[in-house]
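J.: Pasting a structure below so you can have a look.
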Amino acid sequence: MTLPQTSPTLLKPVKPVGIVGYGAYVPRYRIAAKEIARVWTGKTSGLPIKEKAVPGLDEDVITMSIEAARNAMLRAQIDPAEIRAVWVGSESHPYAVKPTSTIVAEAIGAVPSTQGADLEFACKAGTEAMVAAMGIVGSGMGRYALAIGMDTAQGKPGDALEYTAAAGGGAYILGAADESLAVINSAYSYVTDTPDFWRREYQKYPEHGMRFTGEPAYFKHITEAATHLMQASGTTAKDYKWAIFHQPNVKFPQKVASQLGFSTEQIAPGLLVNTIGNTYAGAAVIGLTATLDIAQPGDRILCVSFGSGAGSDAFDILVTDKITARQSLATKTQEYIARRTEIDYATYARYRGKITMK
Amino acid sequence: MEIPRHWRLKKQRYGLVGEVCPHCNHKIFPPRDVCPNCGDEAKEQFAFSGKGEVYSYTTVYEAPAGFDANAPYTVAIVKLEEGPMLTAQLTDMGEQPIQIGMSVEMVTRKMRNDGDERGVIVYGYKFRPVAQNAIAG
């Protein structure tokens, strides 16, 4: 570890901050990994996940963010006019220029007295929005801030990423700790320039930096972020009831959890990748919505995202007694996952715009 | 190019914002500033819950320009919980058969591009089977 040990590095707001409301969204359609393999490789085993969520023809990051934000509003029960920031993190914003956030803000009634911006940091853009929202609320600049991580991820046909690149995410309304269903004790962010995965301007599909994908990127950044957050907070894996790690496939989060001392049971509620795929900027945040859906007052949660390029945001979260009354106020993550219609590769190719019409 | 119209209608299209008559409490959608029930002025905004039921429906196979990428799709007359009826596409039906009287809820979805893929994306309301029914089905 080369982290500065003398200066305080935890991101801890001046005023205590927490999650007032949260909401998930997973589109209805699923394609099995073995259906993708049928078309490209003929393999029937050794696939990274079982199936992934696919957005319908009329869905994109804007419509999906609106639904997740509405679910968060249902749980928060606040006046949308009091929201001072709407930030959407994604690598699939429908427009190159024109914010996703203004349309989401308009749809939930948070306009006009609000910040609005789209964040981009590969798979950690959603947690980046959460840290920024902690800043707005924790500094007293605004009573509430809305942070969303949502994606309709791109995978080149036949590429290894096509098996997992999926759609879904979550929304969080942050506010004062005393009105929160879960308090965010602190966060910690660990960022370096690492060339593990990227997509250039005007390119439809991303590229990956081969050997950089695993150890130097995913494992290094998550381990550093989680370790430092726990060291600075005086905690160990045993202090947490639940943990969520960014989930590009099933194997990576299981391995990093084990290395950090977390059990299979601790990561089980938030490990959704096997049934919805890698939802990129939505992956860690939707793992957290699924965990909050089953959490009890007093549960402590560690949530660590990872975004290529690369970086990790780690959060130390403590669930309050306000959670019990709010869990059932909106559709739960597992209810969205249970609502599924399986599609074949041809329908998937149509839904994802992989068939060129002109 | 219909950008001014899309902009003008955004509140009703994104959030089903209509009006309520201050004189007779009649709920109005789309907003028209005059109450169709009592004839008095009605300009007070009212956000509908988005819950309703299918009153009637038909499936479109030969779609008008701009909607062809989504064909075939089903258009329904939806009777909102608060009273008014409106025409909207149904979406996310899965394998569920559509039935008159089935409970539906509003979602905001991509309707079409204004012009081609270089134009603004038009978002608006559609209806889908309510989540609980979808899970049971």
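The values are calculated or read from the model by the stated rules, or taken from the named source; none is laboratory data. Owing to the predicted nature of the structure, the values given are computational and were not obtained by experimental measurement. Note: ideal-geometry Cβ built from the backbone for every residue, glycine included; neighbour counts use all protein chains shown. Calculation scope for accessible area: heavy atoms of the full protein, side chains included, ligands and nucleic acids excluded. Shrake-Rupley method; radii C 1.70, N 1.55, O 1.52, S 1.80 Å.
J.: For the stretch B:52-96, how many residues meet the condition of being touching a residue at least 40 places away in the same chain (Cβ under 8 Å), over 23 Å from A:Met357 (Cα atoms) and open to solvent by less than 80 Å² (accessible area, probe 1.4 Å)?
T.: Looking only at that region, the number is 13.
J.: Looking at A:Ala257 and the list (1) buried (at least 18 other Cβ atoms within 10 Å of the Cβ); (2) within 22 Å of A:Met150 (Cβ to Cβ), which single condition is not satisfied?
T.: Of everything listed in (1) buried (at least 18 other Cβ atoms within 10 Å of the Cβ); (2) within 22 Å of A:Met150 (Cβ to Cβ), A:Ala257 misses just condition (2).
J.: Suppose we filter the stretch B:118-131 for residues that are facing another protein chain (nearest Cβ under 10 Å) and free of Cβ contacts under 8 Å to residues at least 24 places away in the same chain; how many remain?
T.: 1
J.: Further question on the same structure: So for the stretch A:53-70 (the condition being open to solvent by less than 50 Å² (accessible area, probe 1.4 Å), part of a strand (DSSP E or B) and at negative phi), does at least one residue qualify?
T.: The answer is yes, given that some residue of the stretch A:53-70 is open to solvent by less than 50 Å² (accessible area, probe 1.4 Å), part of a strand (DSSP E or B) and at negative phi.
J.: Right, next: What residue, of A:Thr227, A:Thr235, is under 16 Å from A:Ile301 (Cα atoms) and assigned to a helix (DSSP H, G or I)?
T.: Result of the check over A:Thr227, A:Thr235: A:Thr227.
J.: Testing B:Gln99 on (1) out of contact with any strand residue (DSSP E or B) (no Cβ under 8 Å at 6 or more places or on another chain); (2) part of a loop (DSSP other than H, G, I, E, B); (3) not hydrophobic (A, V, I, L, M, F, W, C), one condition comes back false. Which one is that?
T.: If we test B:Gln99 against (1) out of contact with any strand residue (DSSP E or B) (no Cβ under 8 Å at 6 or more places or on another chain); (2) part of a loop (DSSP other than H, G, I, E, B); (3) not hydrophobic (A, V, I, L, M, F, W, C), just (1) comes out false.
J.: Turning to a different aspect of this structure: With respect to A:Gly46, determine if the residue is closer than 26 Å to A:Gly282 by Cβ and at pLDDT below 95. Quick ask: steps written out before the conclusion?
T.: Values: closer than 26 Å to A:Gly282 by Cβ: yes; at pLDDT below 95: yes.
Spelling it out, A:Gly46 is indeed closer than 26 Å to A:Gly282 by Cβ and at pLDDT below 95.
J.: Which ones in the stretch B:89-109 are within 12 Å of chain A (Cβ to nearest Cβ) and touching a Phe, Trp or Tyr at 6+ places or on another chain (Cβ under 6 Å)?
T.: B:Gln89, B:Leu90, B:Met106, B:Thr108
J.: Any idea which of A:Ile108, A:Ile83 is within 11 Å of another protein chain (Cβ to nearest Cβ) and either in contact with a helix residue (DSSP H, G or I) (Cβ under 7 Å, 6 or more places away or on another chain) or farther than 19 Å from A:Lys354 by Cβ (or both)?
T.: Numbers: A:Ile83 fails: within 11 Å of another protein chain (Cβ to nearest Cβ).
Just one listed residue meets the conditions, A:Ile108.
J.: In the list A:Ala125, A:Ala69, A:Ala117, which residue meets the criterion of being within 14 Å of chain B (Cβ to nearest Cβ) and either farther than 19 Å from A:Tyr172 by Cβ or modelled with pLDDT of 95 or more (or both)?
T.: The match here is A:Ala69.
J.: Follow-up question, since we're still on this one. Only one of (1) open to solvent by less than 50 Å² (accessible area, probe 1.4 Å); (2) part of a loop (DSSP other than H, G, I, E, B); (3) not acidic (Asp, Glu) fails for A:Gln266. Which number is that?
T.: (2)
J.: Please indicate, with yes or no, whether at least one residue in the stretch A:23-39 is open to solvent by less than 20 Å² (accessible area, probe 1.4 Å), of a type in the set (Gly, Ala, Ser) and in contact with a Gly (Cβ under 6 Å, 6 or more places away or on another chain).
T.: Checking the stretch A:23-39: at least one residue is open to solvent by less than 20 Å² (accessible area, probe 1.4 Å), of a type in the set (Gly, Ala, Ser) and in contact with a Gly (Cβ under 6 Å, 6 or more places away or on another chain).
J.: Which one of A:Arg75, A:Arg84 is open to solvent by 10 Å² or more (accessible area, probe 1.4 Å) and closer than 27 Å to B:Tyr14 by Cβ?
T.: Going through A:Arg75, A:Arg84 in turn, just one is open to solvent by 10 Å² or more (accessible area, probe 1.4 Å) and closer than 27 Å to B:Tyr14 by Cβ: A:Arg84.
J.: Turning to a different aspect of this structure: Considering only the stretch A:307-352, state which residues are open to solvent by less than 40 Å² (accessible area, probe 1.4 Å), within 11 Å of chain B (Cβ to nearest Cβ) and either part of a helix (DSSP H, G or I) or of a type outside the set (Lys, Arg) (or both).
T.: Of everything in the stretch A:307-352, those that are open to solvent by less than 40 Å² (accessible area, probe 1.4 Å), within 11 Å of chain B (Cβ to nearest Cβ) and either part of a helix (DSSP H, G or I) or of a type outside the set (Lys, Arg) (or both) turn out to be A:Ala330, A:Thr331, A:Tyr336, A:Ile337, A:Thr341, A:Ile343.
J.: Then there's this: Being on the phi < 0 side of the Ramachandran plot, in contact with a Leu (Cβ under 9 Å, 6 or more places away or on another chain) and touching a residue at least 40 places away in the same chain (Cβ under 8 Å) is the requirement here; does A:Ala107 meet it?
T.: It is false that A:Ala107 is on the phi < 0 side of the Ramachandran plot, in contact with a Leu (Cβ under 9 Å, 6 or more places away or on another chain) and touching a residue at least 40 places away in the same chain (Cβ under 8 Å).
J.: Within the stretch A:199-215, restricting attention to residues that are touching an Asp or Glu at 6+ places or on another chain (Cβ under 6 Å) and not β-branched (Val, Ile, Thr), which residue is surrounded by the fewest Cβ atoms within 10 Å (Cβ to Cβ)?
T.: A:Gly209
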